[in-house]
């Protein structure tokens, strides 16, 4: 660990890899209705492709974190991105939803080795007082993925084909991975923790969950993933069913979520100084709750845009704070700690999408959004209270 504030590989190149992963996830939001129609299944049933991606994404964090600590984080990131590129491109050629689900499962497995391991890599190279700002810069690439992923999904869904976007993403990801391999070939000096890889490698997971602060962070991010992304997965289908909007319009509306994240990344230093960690989580939860309630109850799709921006801002305020705390839970095995964090986020998202899909299919979208909004508000209150307790 150098903690000098400089990384051997630029945040821009690492951010490009993160951009592709997030864009690949978010491109599904405006396309879910199209995919459901093509394969003649309900929207809630088609959401299996969301869970098929996010659940293995979460599960395999438990492998990639220790592996990154052992053989080198850059090697893990680049190998995973290469496999991700191949799997994403293959999604363009599936004949049925079963094979699409299988490919999304396999792609989720390898995508798990990119963003969380990169966050651990940043943690190794930036001291804590600079880390939230560095993570905020890195998150700007994720935000652009949020924005352009939904927008491109809507454009391809309206004018081209949902299949072609996966082919484009696969080719671009492969180009980024080639550049990363080239950088690694020049370095050959990454300092990695010499942690034996075996069953003993997973001991830090059990040690982490015995810490009160770690339990709070992990429970918090699980509920955040379950509620926010589990519910938001149905935003595109909701706009199509309720307002019959064109898919390209839906894509741009959903992308407003990323604009909220862009606002956060621009003002992260000011927000941290002004609100502190507890203030960020409390305000972030309130913003997400208000947004979900407004989406559910207001009868004008135009209002969806400011609500989505507010939701994105609220998410990044809460999530970036939890993420920064996670990078300091186990400094001697930071990849392991960050991977456990991502495990909980994406397992929560996968279970949330599946569980809330049953509510959407049986009771409609409004109860789904009302429940998630109220649950996020309660989560924020709990996190603020736990923060006070831990501080005391």
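The values are calculated or read from the model by the stated rules, or taken from the named source; none is laboratory data. Just so it is clear, the model here is predicted, and its values are computed rather than measured. Neighbour counts are summed over all protein chains in view; Cβ atoms, including those assigned to glycine, are modelled from backbone coordinates with ideal geometry.
A quick yes/no check of all residues on (1) farther than 16 Å from residue 218 by Cα; (2) part of a helix (DSSP H, G or I); (3) modelled with pLDDT under 85:
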| position | (1), (2), (3) |
| --- | --- |
| 320 | no, yes, yes |
| 333 | yes, yes, yes |
| 344 | no, yes, no |
| 388 | yes, yes, yes |
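In region 73-86, how many are modelled with pLDDT of 90 or more and surrounded by fewer than 22 Cβ atoms within 10 Å (Cβ to Cβ)?
The number of residues fulfilling the criteria is 3.
For a quick check of your reading: which helices (runs of 4 or more DSSP H) sit entirely within region 205-305 and have at least 2 residues that are surrounded by 24 or more Cβ atoms within 10 Å (Cβ to Cβ) and within 16 Å of the chain's Cα centre (by Cα)?
Once the helices (runs of 4 or more DSSP H) in region 205-305 are filtered for at least 2 residues that are surrounded by 24 or more Cβ atoms within 10 Å (Cβ to Cβ) and within 16 Å of the chain's Cα centre (by Cα), what remains is 212-224, 247-297.
Keeping to region 137-164, report how many residues are in a helix (DSSP H, G or I) and more than 28 Å from residue 320 (Cβ to Cβ).
8
Wholly within region 1-100, which helices (runs of 4 or more DSSP H) include no fewer than the required count, namely at least 2 residues that are under 27 Å from residue 137 (Cα atoms) and touching a helix residue (DSSP H, G or I) at 6+ places or on another chain (Cβ under 9 Å)?
Where helices (runs of 4 or more DSSP H) fall fully within region 1-100 and carry at least 2 residues being under 27 Å from residue 137 (Cα atoms) and touching a helix residue (DSSP H, G or I) at 6+ places or on another chain (Cβ under 9 Å), they are 11-26, 28-38, 48-59, 61-71, 73-90.
Hey, residue 138 hits all of (1) modelled with pLDDT under 85; (2) farther than 26 Å from residue 64 by Cα but one; which does it fall short on?
(2)
Among the residues of region 102-114, is any surrounded by 23 or more Cβ atoms within 10 Å (Cβ to Cβ) and modelled with pLDDT under 80?
Scanning region 102-114, I find no residue that is surrounded by 23 or more Cβ atoms within 10 Å (Cβ to Cβ) and modelled with pLDDT under 80, so the answer is no.
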